[in-house]
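S.K.: Take a look at this one; I'll ask things after.
The values are calculated or read from the model by the stated rules, or taken from the named source; none is laboratory data. Keep in mind that this is a model prediction, so the values were computed, not measured. Here Cβ is always computed from backbone atoms with ideal geometry, including for glycine, and neighbour counts include all displayed protein chains.
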Amino acid sequence: MTVRMPAEERRALILQAATRAFAEGGYSGTSTDTVAKEAGVSQPYVVRMFGTKLDLFLAVFGNACDRIEAAFRAVLDAGPFDPDSEVDKERMGHAYTELLADSDFLHVLMHGFTASSVPEIGAVARAGMGRIFDTLLATGWGEEKVRDFVAYGMLLNVLLAIDAFEGASGPLARLVQACVPHADGDAAAIRDSGRSHE
C-alpha cells in the first residue's frame, strides 16, 4: 500500500529537482520536461504545480536570494553584532561561504543574475539584492562597507563558478590567493575558512 506524499513535500522535492536542473542548464537551457525527469514526475504535473518554466525558475531563484538574506539575518539574530569587530565580520562572511559550498545554489544564483534581461527574473534579482543590502545595513556597517562585502562575495561567486580554485596558475592563482589566502587551491577551504573581505 502506497502512502500519498503531502502536496507541500511534493512541491519541495520538485523545487530541489528544479534547482539541480537549472543549476546545470540555466534558465534558457532547461525545460519543464528536464525538471520533471529530474524529479521523477510527469511534465504536466510540474506545470500543474508551478505553471510555466518562468514561474518555476522564479521560485528557484527567489529561494536562492531568500537563503542569502536568511543566512545574514540569522547572524544578526544570534546575538549582538559589533560593526567594528573583525570576528563579527568573519561570522557574517562564514554565513555566506557556507552557502557557496552548495554548488547548485551557486550556479542557480549566477544563472539568475545573467538571465536578468528577462523582466520578471530581473525584478526578482533587484528585489533580492535590495533586501540583502538592507539586511547587511542592519549590522551597523556603512553603505561603503556593505558594498565592499557584497562585491567580495560576488567575486567569490565568479571564482567558484569558473572553477578558479581547481589548479589555477599565474595571475588567476594570485587572485585566488588574494581573495582566500588559506585556500591553497581548495574550493572547500572557502567554506571552512569563514573569511570575509578585509
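S.K.: Out of the range 120-152, which residues are among the basic types (Lys, Arg) and more than 17 Å from the chain's Cα centre (by Cα)?
M.R.: LYS145, ARG147
S.K.: Still on this structure, I have one more. Of all the residues that make up the range 63-107, how many are small (Gly, Ala, Ser), in contact (Cβ under 8 Å) with a residue 40 or more places away in the chain and crowded, with 18+ Cβ neighbours inside 10 Å?
M.R.: The number of residues fulfilling the criteria is 2.
S.K.: Looking at VAL46, is it closer than 24 Å to ARG10 by Cβ, at pLDDT below 95 and either of a type in the set (A, V, I, L, M) or assigned to a helix (DSSP H, G or I) (or both)?
M.R.: Considered against the rule, which asks whether it is closer than 24 Å to ARG10 by Cβ, at pLDDT below 95 and either of a type in the set (A, V, I, L, M) or assigned to a helix (DSSP H, G or I) (or both), VAL46 comes out as yes.
S.K.: Give just the number: which of (1) more than 29 Å from GLY26 (Cβ to Cβ); (2) aliphatic (A, V, I, L, M); (3) modelled with pLDDT under 95 does LEU76 not satisfy?
M.R.: So LEU76 meets the others, but not (3).
S.K.: Among (1) out of contact with any helix residue (DSSP H, G or I) (no Cβ under 9 Å at 6 or more places or on another chain); (2) closer than 30 Å to ASP82 by Cβ; (3) assigned to a helix (DSSP H, G or I), there is one condition ARG174 misses while meeting the rest; what is its number?
M.R.: Of (1) out of contact with any helix residue (DSSP H, G or I) (no Cβ under 9 Å at 6 or more places or on another chain); (2) closer than 30 Å to ASP82 by Cβ; (3) assigned to a helix (DSSP H, G or I), only one is false for ARG174: (2).
S.K.: Given the condition part of a loop (DSSP other than H, G, I, E, B) and at pLDDT below 95, answer yes or no: does some residue in the range 155-163 qualify?
M.R.: Yes: one or more hits.
S.K.: Okay, next question. Starting from residues that are of a type in the set (Val, Ile, Thr) and in contact (Cβ under 8 Å) with a residue 60 or more places away in the chain, keep the ones in the range 112-162 and report whichever is surrounded by the fewest Cβ atoms within 10 Å (Cβ to Cβ).
M.R.: Checked the range 112-162; the qualifying residue surrounded by the fewest Cβ atoms within 10 Å (Cβ to Cβ) is THR114.
S.K.: Shifting gears a bit: Going by what's in this entry, would VAL60 be described as out of contact with any Gly (no Cβ under 6 Å at 6 or more places or on another chain), modelled with pLDDT under 95, of a type in the set (A, V, I, L, M) and part of a helix (DSSP H, G or I)?
M.R.: no
S.K.: Next up: Residue by residue through the range 15-43, note down the ones that are more than 18 Å from the chain's Cα centre (by Cα) and in a helix (DSSP H, G or I).
M.R.: THR32, ASP33, THR34, VAL35, ALA36, LYS37, GLU38, ALA39, GLN43
To keep it simple, each residue is scored yes or no on (1) surrounded by 15 or more Cβ atoms within 10 Å (Cβ to Cβ); (2) in contact (Cβ under 8 Å) with a residue 60 or more places away in the chain; (3) within 21 Å of PHE105 (Cβ to Cβ).
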position	(1), (2), (3)
GLU9	no, no, yes
ALA12	no, no, yes
LEU15	yes, no, yes
TYR27	yes, yes, yes
GLU38	yes, no, yes
ARG48	no, no, no
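S.K.: In the range 77-118, which residues are hydrophobic (A, V, I, L, M, F, W, C), in a helix (DSSP H, G or I) and under 19 Å from the mean Cα position of the chain (by Cα)?
M.R.: Scanning the range 77-118 gives MET92, ALA95, LEU99, LEU100, PHE105, LEU106, VAL108, LEU109, MET110, PHE113.
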